[in-house]
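Please read the structure below before turning to the comments.
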Amino acid sequence: MSGEYPIKTLCATLAVSRSGYYAWSQSTGSMRSHRNDALRLKIAAIHQQSRQTYGSPRVTVELRAQGEQVGRHRVARLMRLAGLRGRQKRRYRVRTTDSVHDLPIAPNRLARVATPNRPNQIWQSDLTYVPTDEGWLYVAGILDRFSRRLVGWAMGTTLDTSLPLAALRMALQHRDPPRGLIHHSDRGAQYASADYRSALAASGVLASMSRKGNCYDNATMEAFWSSLKNELVYRRRFATRAEARAALFDYIEVFYNRTRRHSSLGYQSPLDYESHVR
């Protein structure tokens, strides 16, 4: 309105002194400036605590969890002015699956079951690799589909069955799942091996495998690898496998499982999401 009419006219109409109007406008601007300054400090702290991975949606959720009433667009603008950005996912291709074998193939059970409503109903597993100056470090992981929590993992220098088997044993020991749990994987020889199938059967776990050539059946596990690659692996160079092991453990246990907010979980961490299950 002040752009359409002179300030003098508006003040006279509203019975407000011009000196009072200018004092109000200056104090309002100052209050907003102070507010933005305070928000910038909190945003910078949250961005740093997220290992510089959070964009404006997760930063906004974290601010609101701290009691701040703030909109995402304001956060995005302040982050942009401060030069703060979240990690953007990029496509990657990982070739760790040897599906050309004569070993038994389990049926795809995911298509016949409902979405899990509690932990330890569906686990998804897969293999990936991390480059180091010493050579590849291979990683096997098992993810709980309900909470996106990584419940078992193992790292090694080879891709033989002992690697995913170690991850499975870790998950079984720590979670003690009920019989009938579905374990889903691709058709890799490691998961189809006699040793792996025996370990599943001994614990009452039902094997499930993706359809041939269909990566979407294991999309939840692929999403985890994508996060790990973009938020950790692609951001640094590992001189040794031991250095990579330590960084992976820290990412999984200290950050990902315990504090990283997931949009698919209502911006809760896997640990917090599981804690609300009754």
Next item on the list: Can you check what the net charge comes to around Asp217, using other residues whose Cβ is under 9 Å from the Cβ of Asp217 (Lys, Arg +1; Asp, Glu -1)?
Entry: 0
Next item on the list: Output ³J(HN,Hα) for segment 227-240: one whole-Hz value per residue in order, computed from phi by the Karplus curve 6.51 cos²θ - 1.76 cosθ + 1.60 with θ = phi - 60°, and x for Gly and Pro.
Entry: 5, 4, 5, 6, 8, 9, 5, 6, 9, 8, 10, 9, 6, 9
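Taking 8 Å as the Cα distance limit and 6 or more residues as the minimum spacing, I'd like the relative contact order of segment 226-272 as a percentage. If you can, show how the numbers build up before the last one.
Numbers: 26 pairs, mean separation 10.9, N = 47.
Once normalised by length, the contact order is 23 percent.
Using the Cβ atoms and a cut-off under 11 Å, what net charge is assigned to the surroundings of Asn120, where Lys and Arg are +1 and Asp and Glu are -1? Each step should come with its number before you reach the end.
Values: positive: Arg118, Arg145, Arg149, Arg175, Arg179; negative: Asp144, Asp176, Glu274.
Charge balance in the 11 Å sphere: +2.
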Note to self: For segment 102-253, place one equal point scatterer on every Cα, skip the solvent, and apply the Debye formula. What is log10 of I(q)/I(0) at q = 0.09, 0.11, 0.18 Å⁻¹?
What the structure shows: -0.27, -0.40, -1.07
Note to self: Could you give the length gained by full extension between His174 and Glu253, i.e. 0.36 nm per residue of separation minus their alpha carbon distance, to one decimal place?
What the structure shows: 27.1 nm
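Laboratory data are not the source of any read-out in this text; all were calculated from the coordinates shown. Keep in mind it's a predicted model, so treat the numbers as computed, not measured. Reconstructed Cβ throughout: ideal geometry from the backbone, glycine too, with neighbour counts over all protein chains shown.
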